[in-house]
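Please read the structure below before turning to the comments.
Just so it is clear, none of the values below were taken in a lab; they were calculated from the coordinates. Please read these numbers as outputs of a predicted model, since none were measured by experiment. Note: ideal-geometry Cβ built from the backbone for every residue, glycine included; neighbour counts use all protein chains shown.
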Amino acid sequence: VLGQIYLCRMFYGNGTARDVRNSPWRDRGAGVLPDLGSHVLDTAMFWFGDLTAPFAVWSADRFENRAYDHLAFGSRGSPVLEMEITLLSWRNHFTADVYGEHGSAHIESLCKWGPSSFIRRTRILPSGRPPEEAITLVQADPTWSAEYEHFKGLCRGKPDTASALASDLRLNRILSELARGADALTAT
C-alpha cells in the first residue's frame, strides 16, 4: 500500500526517570537503551525484517540519571530508521511515522495509555493534501494475552522457536553495539 518504504521514525518515552534513579540496580549500564530501545528495535524488525545496516548513536544523555535516560539513534539502511527513546516523557507516549513511495502511516500512542490512533495518508502527485483514513481505539491493552500465548508456545518448542532466538540474538547484538556507541559518544 505504501510502496517502497523510505523512512521510519519512532519515539518511545515514559516518565520513569525518578523511579530508575531511586533503584540502584536499574540506574546503571545502558539505562533506557535495553528498557525502551529493545521495543522500538523489535518493532522495526517485525515490520521490516532483519536489520542488517549498521546503527549509530546521535545523542546519549544522562539528564537525571547515572545511566542514559535519553538516546537518539538510527540506521542508514533501507528503510532509514530514526529512533528516540527517553525516560523523561512525563506522560508515556509512543509515535511511529512510516514514509513510503505511495503514502505514509502514523501511529500515535498505545492503548494502555489512552486513545491510540492509526492514520494512513495516500500521496498525491506531484503534490497536494493527501486523503487520509484514521482509526482511533479506546480500549484496554489488547496485547498481553496474545504475548502470553506466544511465550507459552515458544516454551513448548513451537517451530518458530529457532527464528525467535535468532531474532533475539540479533536484537542483543544491536543493543550492545548501540551501548558501545553511546559510551564512545559521551566519553569525548
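Among the residues of the stretch 119-135, those identified as touching a residue at least 12 places away in the same chain (Cβ under 8 Å) and either among the basic types (Lys, Arg) or out of contact with any Phe, Trp or Tyr (no Cβ under 8 Å at 6 or more places or on another chain) (or both) are ILE119, ARG120, ARG121, THR122, ARG123, PRO130, GLU132, GLU133. Within the stretch 173-184, the only residue that satisfies the criterion of being loosely packed, with under 13 Cβ neighbours inside 10 Å and within 17 Å of LEU51 (Cα to Cα) is ARG173. Of all residues in the stretch 102-152, those being of a type in the set (Asp, Glu) and over 29 Å from ALA164 (Cα atoms) number 2.
Applying the set (1) in contact with a strand residue (DSSP E or B) (Cβ under 7 Å, 6 or more places away or on another chain); (2) surrounded by 20 or more Cβ atoms within 10 Å (Cβ to Cβ) to LEU87 leaves exactly one unmet item: (1). Taking the stretch 1-118 and the strands (runs of 3 or more DSSP E) fully enclosed by it, the elements with 2 or more residues that are in contact (Cβ under 8 Å) with a residue 40 or more places away in the chain and under 12 Å from the mean Cα position of the chain (by Cα) are at 5-13, 70-75, 80-86, 93-100. One residue stands out in the stretch 1-41 among those that are among the aromatic types (Phe, Trp, Tyr) and buried (at least 17 other Cβ atoms within 10 Å of the Cβ): the one that is farthest from LEU110 (Cα to Cα), namely PHE11.
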